[in-house]
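Below is one structure; the comments refer to it alone.
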Amino acid sequence: MSKKVVTLGEIMLRLSTPGYERFVQAESFDAIYGGGEANVAVSLANYGFDAHYVTKLPKHEIGQAAVNALRRYGVNTDYIVRGGDRVGIYYSETGASARPSKVIYDRSNSAIAEAKADEFDFDEIFKDAAWFHTSGITPAISKEGAEITKKAMQAAKKAGAKISIDLNYRAKLWSPEEAQKVMKDLMQYVDVCIGNEEDASLCLGFTPKGLDVTSGKLDVEGYHEIFKQMKEEFGFEMIASSLRESYSASDNGWSALIYDGKDFHQAPQYDVRIVDRVGGGDSFAAGLITGLLDGKSPADALDFGVAASALKHTINGDFNHMSREEVENLVGGDASGRVQR
């Protein structure tokens, strides 16, 4: 039997401008579904795990379409609560060269933002679960979202599941002061923390010297410093972060770093030509979780996660549709992109 993995969050309707059109010139939008923890669930199901996604969605057709999008890729939707009035929406504009991508949220009063913790049977949800993953987006959407996240973590810990969180600070959802008040309290339950320098600074209050996320360059030594501080304060088993060098909106350098309390490991860097970067971090988190659940070393798990995410950047939409074999081929050094016949 495959290992049971649970993710919790908000899946939204994504309305994207066609190609590289700007919002102001678009006369139509491409409609798909996605969201941080849903993206992770799809990847995990694709890699062969018994992936369960937890959220609340309306009973109407748009809510059902979101459920169907998950079912299409093998995600178990049995624990999704139905009710509420609306599915959150976000609008996406793909950038190019010196023009950055943009996201506009329309997610206030969504079904999951207004859900109550007692609507979810967390004891049943986490029965036999090996892993639980969520992100800092879920507690940011509402006070109810923060309470649901905490109750879920408590139940997962009680069930013996490992818990990971992607800090994922979103300035459009809350302030650093609000984030730190909530997130610091949640860290007591977390085994594997994922977050870059900016996330750690804004969500947890750790700010290493020389932090400048707009420069496009990385200070890896700054990560070493901040990871040690986070390990000391919260006792995480592991801390990981993707490392993005932004040459432009079209081309990035992509790697990652992990710290297990003893050693640091930096994965090989890939230079990626971006088709769609939304979901890139989620595909990294899913790949890292996959490696750890497979029993790989932290270094090997990180390498799998980075390769999976590098490949995701070449795929339209939130979900990563790469197979284990394709990811392992890239880890093994096959980055030629030659046609397979």
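The values are calculated or read from the model by the stated rules, or taken from the named source; none is laboratory data. Please read all numbers here as calculations on a predicted model, not as lab measurements. Here the Cβ positions follow ideal geometry from the backbone for every residue, glycine too, while neighbour counts run over all protein chains shown. Heads up: the accessible areas ignore ligands, DNA and RNA and are worked out on the full protein's heavy atoms, side chains in. Shrake-Rupley method; radii C 1.70, N 1.55, O 1.52, S 1.80 Å.
Structure above, values below:
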quantity	calculated
Segment 1-69: equivalent-ellipsoid semi-axes (sqrt of 5 x gyration tensor eigenvalues, Cα, Å)	28, 15, 9
Protection proxy ranking, peptides 183-196, 98-111, average beta carbon neighbours within 10 Å, highest first	183-196, 98-111
Descending semi-axes in Å of segment 90-185, equivalent ellipsoid built from Cα gyration tensor	28, 15, 14
Extreme residue, positive dipole direction of segment 39-189, given options 43, 125, 74 (C-beta unit charges)	43
Residues residue 248 and residue 334, FRET efficiency given R0 of 25 Å [Cβ-Cβ distance, rounded to 0.05]	0.45
Cα gyration tensor category, rounded, prolate or oblate, for segment 239-294 with a/c compared to 1.5	oblate
In sequence order, calculated HN-Hα J values of segment 309-325 (Karplus, 6.51, -1.76, 1.60; Hz; x Gly/Pro)	6, 4, 5, 4, 4, 9, 10, 5, x, 6, 7, 9, 10, 8, 8, 3, 4
Rounded accessible area per residue of segment 1-159, 1.4 Å, Å²	43
Gain upon complete extension [residue 232, residue 207; 0.36 nm per residue less C-alpha separation]	7.5 nm
Span from the segment 144-183 Cα centroid across to the segment 96-122 one, whole angstrom	14
Cleavage-rule hits, trypsin sites (Lys or Arg not before Pro), segment 254-296, DSSP coil, Cβ neighbours within 10 Å at most 12	262
Prolate/oblate/rounded label for segment 135-210 (Cα gyration tensor, a/c 1.5)	oblate
Cβ-Cβ FRET estimate between residue 29 and residue 78, R0 fixed at 22 Å, reported to 0.05	0.10
Under 5 Å, built H, 5+ apart or other chain: amide partners of residue 163	132, 191, 192
Entries in 143/296; 56/296; 150/228; 4/262 that, when Cα-Cα distance is taken, lie over 32 Å	143/296; 56/296
Under 19 Å from residue 102, Cα to Cα: lysines that are on another chain or at least 8 residues apart	172, 312
Accessible surface of the chain, 1.4 Å probe, proportion on carbon and sulfur as whole %	46
Vicinal HN-Hα couplings computed from phi for segment 156-169 (Karplus, 6.51 cos²θ - 1.76 cosθ + 1.60; Hz; Gly/Pro x)	5, 5, 4, 7, x, 7, 6, 10, 10, 9, 9, 4, 6, 5
Equivalent ellipsoid, the chain (semi-axes from 5 times Cα gyration tensor eigenvalues, Å)	26, 25, 21
Rounded if a/c under 1.5, otherwise prolate or oblate - segment 34-120, Cα gyration tensor axes	oblate
FRET efficiency estimate (nearest 0.05) - Cβ-Cβ, residue 128 to residue 102, R0 35 angstrom	0.25
Shape box of segment 166-325 [Cα atoms, principal axes, largest first, Å]	38, 35, 27
Rel. contact order, % - alpha carbon contacts under 8 angstrom, at least six apart, segment 1-144	30
